[in-house]
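What follows draws every value from the coordinates through simple rules; no lab data is involved. Keep in mind the model is a prediction, meaning the values are calculated, not measured. Using ideal geometry, Cβ is built from the backbone for each residue, glycine included, and neighbour counts are taken over all protein chains shown.
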Amino acid sequence: MRRCWGITRNLRRCGRLGDWKLFCDDHRFQPLVWVVFLLFTVVAGTASIYSAWFQKKPSPLVSTLHESTQPNSNDTPLSTGVNSSHGAGQSPTADQPTIDVALSLIPTIQRMKDASGGLMKGGQNDVIGVLRIRQHNGKSARHVRSLQIAGNVAADWNSYAAVFSKGDGTESVDNIEAEYEKRKPFFRLSWVSYPLTPIRIDEHEDEEFGKFAVSRSAGAIEFAGDPKDYFGFWSTNEQPRYPLTTPVWRLLMHFTKTTADLTGIYPELREEVKAGKVKIQVDLDGEIINIPAKQIRFPWAVSLGDQSLEKTSAQDLFYGIDNGSRTSIPTPNDPLVKSK
C-alpha cells in the first residue's frame with residue numbers, strides 16, 4: 001500500500017492509500033500539470049535571462065540618416081543598412097541592404113468662382129507629398145506604413161492673436177504684436193499621413209512611388225478643448241499641454257512670391273524644417289527613417305488643382321513633369337539626367 005503523492009486543493013498531500021505507484025486516480029494527471037508549469041515558468045525565465053546576457057547582434061538594416069547629415073555636392077542618395085562595424089558616415093558594403101528615400105512636396109489649391117464664372121483671386125492651399133523609396137540588395141519585401149511629421153515650429157501671429165487677445169477692442173494691434181514677439185509662442189507638431197494606395201517594395205532591387213495627403217485643412221487649425229493648451233512659449237521654456245495634430249501647410253512651408261491674382265508661387269520649406277527642428281520621417285514596417293531637408297524637393301513652382309493631381313502619375317508629380325514637359329530645370333545631379 002502506498003500513499004498518493006498528489007496535492008489537494010488545500011495544498012496538502014493527498015492522504016489516500018492504495019496499490020498505485022505514485023498517484024491515485026484523481027491525481028494521476030498532476031505530473032503533466034507540473035511539467036507544463038515548469039516549462040512556462042522556470043524554463044521561460046531561464047531563456048529570458050539567457051537572451052538578456054547573450055543578445056544577438058542588431059539587424060544590419062539600420063537607418064543611418066542622422067540628424068547631423070549635411071548636404072554634399074554630389075547629392076548622393078541616403079542609405080540605411082550600414083553595418084555596425086562601420087564608423088559613422090561610412091558607406092555600406094555592396095552586399096548589404098540599403099533603403100533610399102526622397103520626398104517631393106506639391107502645393108495644391110482650391111479657387112472660388114465669382115457670379116460670372118471667373119476665378120476669384122487667391123485660394124485655399126494644402127500639400128500632398130510623393131515619396132520615392134528604393135531598396136537595394138533587400139532581403140525581404142518592405143511596406144511603407146506612414147509619413148510622420150514631428151517637432152516644434154513657431155506659431156503664426158494670426159493664431160496667437162485669435163486665441164490670446166481680449167477681443168474687446170481695448171488692445172491695439174501693436175500691443176498684441178509686441179506681446180507675441182516677447183513670448184515667442186510655438187506649436188509642437190504631431191502629424192501622421194497614410195499612403196493613399198499601399199506602397200510595397202519588393203526584395204532585392206525595387207523602386208516605388210506613393211502619394212500622401214500631407215494636409216487637408218485648407219490652412220485652418222482645429223483645436224479640441226481650450227486652444228491655449230496647444231501653445232508653448234520659448235521665452236519661458238513653457239511646453240504646450242497638447243501637441244498639434246491638425247496638419248496645416250503653412251507650418252511646414254511657405255511661398256516666396258505671389259502672383260497678381262494673389263496665389264503663391266515658388267514654395268520653400270520653413271526654416272525649422274531646414275534646421276532639423278521639425279522631422280519628416282517614414283515608417284517602414286516599424287523602422288523610422290529620417291528624410292533630411294536636402295532630400296525634400298518642390299518640383300512644381302505653382303500650386304496644382306485637383307484635376308491636375310488626378311490625371312498626373314506619382315512619378316510625374318515627383319519629378320515635376322507636366323504632360324511630358326519638365327517644369328524644373330535639369331541639373332548634373334538630377335536623377336533623370338545621365339551626365340558624363
Above-threshold pairs, the threshold being 21 Å between Cα atoms, out of 182/274; 121/257; 182/228; 211/277: 182/274; 211/277
Prolate/oblate/rounded label for the stretch 128-170 (Cα gyration tensor, a/c 1.5): prolate
Ranked packing of 218-231, 134-147, most packed first, by mean Cβ within 10 Å: 134-147, 218-231
Virtual spin-label span in nm between residue 216 and residue 261, 7 Å along Cα→Cβ: 2.6 nm
Added length on full extension, which subtracts the Cα-Cα distance from 0.36 nm per residue, residue 161 to residue 238: 25.9 nm
Peptides ranked, highest mean first, by Cβ atoms within 10 Å: ranges 113-126, 246-259: 246-259, 113-126
